[in-house]
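First comes the structure, then the notes that go with it.
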Amino acid sequence: MTETLQERSPRVGDGEARTGRRRRSAAARTHPGLWLFPLPALVLYVVFFAGPTIQAFQYSITDWDGFSAAYQNVGATNFENIATNDDLFLGAATNNLKFLLVVVIAQTVLSLLLAVLLQRNSRSSTTLRALFFLPAILSSVSVAFVWKFMYDPNFGLINQVLGGIGLDGLKSSFLGNASTAIYWVALTQVWAHAGQLMVIFVAGLQQIPEELYESAALDGASQWQRFRFVTWPLIAPATAIVVAYTTIQSFKAFDLILGLGGNPPKGSLDILSTRIYTTFTNSRFGYAAAESIVFMVIIALVSFLQRRAVRLTQHGV
């Protein structure tokens, strides 16, 4: 009888355990009001990104001119023309590829070199970092007009300096030369943003422990070996950020191109963003929407390939 009463009577430990479980369960439940916090951001995303993207897909299969209420569904005709019968879009894509390669390689190398030279927090390094960063705070239109004066074949500063030191043979028309014009625009882009990306590399370099360099020096590693086996692998995250950001810059050089090449730019300076803009201004909204879709796919593909290349490079070092 006593044993039965003892078995039926609740134990203090069991009660505390049940109370603890109830408290944990209550704490684990999310208050419904918390779901209201991401709502404004979600609304903005839907209204300004998701909605226009869906509409772009809708317009891309039409011949809408952007003004009339009537338009026809043309299916994949716009995409077929872009792929097989649009020399202007192909030329803009080729120019964009040239621009991308020059800017990504030159800007990454130059910004890394500046960061390696100026990573110390001395007064001189800090001052030089500020000077190199200065062009990044200027608008792209301002940069374009400054360099348009520099590139002027008649009274531009570059040709004036070359003539003043007796190097008249190196004078050039710069933007007037169809075969090299896009490379001079790429040089302007590198000048404007190398200092900005230098700051990212400086932050990555300053996170590397000094003990690693001391150990490498004790093992007899040269300066190049220390950079290759210590610095380069440890700044992989910074490199990935710089390459991704530089790629986006290369595709968004719209205002720089218009500032240097006019509106609309000539064929030698036309890139994908300016080509799409010109198509819109010609009241071919359906075709421009199709070009925008292709542009988005190209950016996604290039970004994916670059991420893979950066990872393979870091693993192969």
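Taking a quarter of the surface of the Cα convex hull of the range 171-317 gives a mean projected area of 11.6 nm².
From the alpha carbon centroid of the range 255-282 to that of the range 137-199 is 18 Å. Across Leu205, Leu272, Leu305, mean-square fluctuation computed from a Gaussian network of the chain (C-alpha pairs under 10 Å connected) peaks at Leu305. For the range 175-227, the C-alpha radius of gyration divided by 2.2 N^0.38 Å, with N the number of residues, is 1.88. In the chain, a dipole from Cβ-located charges (positive for Lys and Arg, negative for Asp and Glu) runs towards its positive end, and of Pro32, Trp224, Gly91 it is Pro32 whose Cα lies farthest in that direction.
Ranked by the mean number of other Cβ atoms within 10 Å of their residues, highest first, the peptides 289-297, 77-85, 49-57 fall in the order 289-297, 77-85, 49-57.
If eta is 0.890 mPa s and T is 25 °C, what Stokes-Einstein diffusion coefficient results for the range 41-194, Kirkwood Rh from Cα pairs, in µm²/s? Taking Rh from Cα pairs, D becomes 122 µm²/s.
Once the C-beta distance of Arg120 and Trp232 is scaled by a Förster radius of 25 Å, the resulting FRET efficiency is 0.85 to the nearest 0.05. At full extension, Gln225 and Leu97 could sit 42.8 nm farther apart than now, given 0.36 nm per residue minus the alpha carbon distance. Taking each residue as 0.36 nm, the span from Gln55 to Leu170 lengthens on full extension beyond its C-alpha to C-alpha distance by 36.3 nm.
A dipole drawn for the chain from +1 and -1 charges on Cβ atoms has a positive end, and of Ala69, Ser215, Ile257 the residue lying farthest that way is Ser215.
When the chain is treated as a Gaussian network with alpha carbon springs shorter than 10 Å, the biggest mean-square fluctuation among Ser60, Ser222, Ser268 belongs to Ser222. When only the Cβ of Lys, Arg, Asp and Glu is charged (+1, +1, -1, -1), the dipole of the range 80-175 relative to its Cα centre reaches about 680 debye. FRET efficiency for the Lys266 to Phe149 pair, using the beta carbon distance and R₀ = 22 Å, is estimated at 0.75.
Once Rg and the Kirkwood radius are both taken over the C-alpha atoms of the chain, their ratio Rg/Rh works out to 1.19. Here the label points at Phe67 and Asn177, each 7 Å from Cα along the C-beta direction, are separated by 4.2 nm in the simple model. Placing +1 on the Cβ of every Lys and Arg and -1 on the Cβ of every Asp and Glu, with no other charges, gives the chain a dipole of roughly 940 debye about its Cα centre. Each label point was placed 7 Å from the Cα along the Cα-to-Cβ direction; for Thr127 and Leu90 their separation is 5.5 nm. The residues of the range 89-316 expose on average 52 square angstrom of accessible surface per residue, using a 1.4 Å probe on protein heavy atoms. Here the sum of -39500 (n - 2.57) over DSSP H runs of 4 or more residues, divided by the residues of the chain, equals -21500 deg cm²/dmol at 222 nm, to the nearest 500. In the chain, the portion of solvent-accessible area held by carbon and sulfur atoms comes to 65 percent [1.4 Å probe, whole percent, DNA, RNA and ligands not counted].
For the range 89-316, the residue among His193, Ala203, Leu100 whose Cα projects farthest onto the positive side of the dipole built from Cβ charges is Leu100.
The values are calculated or read from the model by the stated rules, or taken from the named source; none is laboratory data. Since the model is a prediction, treat every value here as computed from it, not as a measurement. Backbone-built Cβ (ideal geometry, glycine too); neighbour counts: all protein chains shown. Just the protein is used for accessible areas: all its heavy atoms, side chains included, with ligands, DNA and RNA removed. Shrake-Rupley method; radii C 1.70, N 1.55, O 1.52, S 1.80 Å.
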